[in-house]
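Engineer: One structure, pasted below without further comment.
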Amino acid sequence: MTPNTSLIGTLESFLKLTTSREQAISANMANVDTPGYRTRDINFQGELNKAMSGTLSYSAYGGESAQMTPAVQEVQGLMERPDGNNVSLDREGLLMSETQLQYQIGIQLVKHEFHGLLSAISGGS
């Protein structure tokens, strides 16, 4: 079995997006008591589609590494408290669990691809 390099690239984008989304969710949770703070999130499916089509912007931060910069947007339609904050820890906790599960699935798929590469290198034994 030969690993699919385009699949590995897609999985890399998937993992970077899950990491970016987790950071946005963490920022929301950290600002639950900040007056006027507005919940932010990433349109995960939309950003993944952009990454797969090659239209997502990249910013180089030294060397050959590139950091994806998905669009983080304010979430509309959430209930707002009197202080103007609209963060819901229930919502953020659920999204965090979902995002962590997505990340774990992505890691398992990467492992599977690299096990295929190792098998091909060692002659299938």
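Engineer: When the residues of the range 22-46 are filtered to those that are among the charged types (D, E, K, R) and under 15 Å from residue 78 (Cβ atoms), which remaining residue is least open to solvent (accessible area, probe 1.4 Å)?
Structural biologist: 41
Engineer: Which residue pairs have Cβ atoms closer than 7 Å, lie 6 or more positions apart in sequence or on different chains, and pair a first residue in the range 30-52 that is over 18 Å from residue 95 (Cβ atoms) with a second residue that is β-branched (Val, Ile, Thr) and modelled with pLDDT under 95?
Structural biologist: Partner pairs satisfying both residue conditions: 52/10.
Engineer: What about residue 64, is it over 14 Å from residue 18 (Cβ atoms), modelled with pLDDT of 90 or more and in a loop (DSSP other than H, G, I, E, B)?
Structural biologist: No: the conditions fail for residue 64.
Engineer: Can you work out which of the residues in the range 37-61 that are touching a strand residue (DSSP E or B) at 6+ places or on another chain (Cβ under 9 Å) and part of a loop (DSSP other than H, G, I, E, B) is modelled with the lowest pLDDT?
Structural biologist: My answer is 61.
Engineer: Identify, from the list 70, 82, the residue that is touching a helix residue (DSSP H, G or I) at 6+ places or on another chain (Cβ under 6 Å), outside any helix (DSSP H, G or I) and either modelled with pLDDT of 95 or more or closer than 30 Å to residue 34 by Cβ (or both). Steps first, answer last, please.
Structural biologist: Working: 82 fails: touching a helix residue (DSSP H, G or I) at 6+ places or on another chain (Cβ under 6 Å).
Answer to the selection: 70.
Table: residues versus (1) touching a residue at least 40 places away in the same chain (Cβ under 8 Å); (2) open to solvent by 90 Å² or more (accessible area, probe 1.4 Å); (3) of a type outside the set (Gly, Ala, Ser).
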| position | (1), (2), (3) |
| --- | --- |
| 72 | yes, no, yes |
| 75 | no, no, yes |
| 82 | no, yes, yes |
| 96 | yes, no, yes |
| 99 | yes, no, yes |
| 104 | no, yes, yes |
| 110 | yes, no, yes |
| 119 | yes, no, no |
| 122 | no, no, no |
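The values are calculated or read from the model by the stated rules, or taken from the named source; none is laboratory data. Treat the numbers as computed from the prediction; the structure is a model and nothing was measured. Reconstructed Cβ throughout: ideal geometry from the backbone, glycine too, with neighbour counts over all protein chains shown. Calculation scope for accessible area: heavy atoms of the full protein, side chains included, ligands and nucleic acids excluded. Shrake-Rupley method; radii C 1.70, N 1.55, O 1.52, S 1.80 Å.
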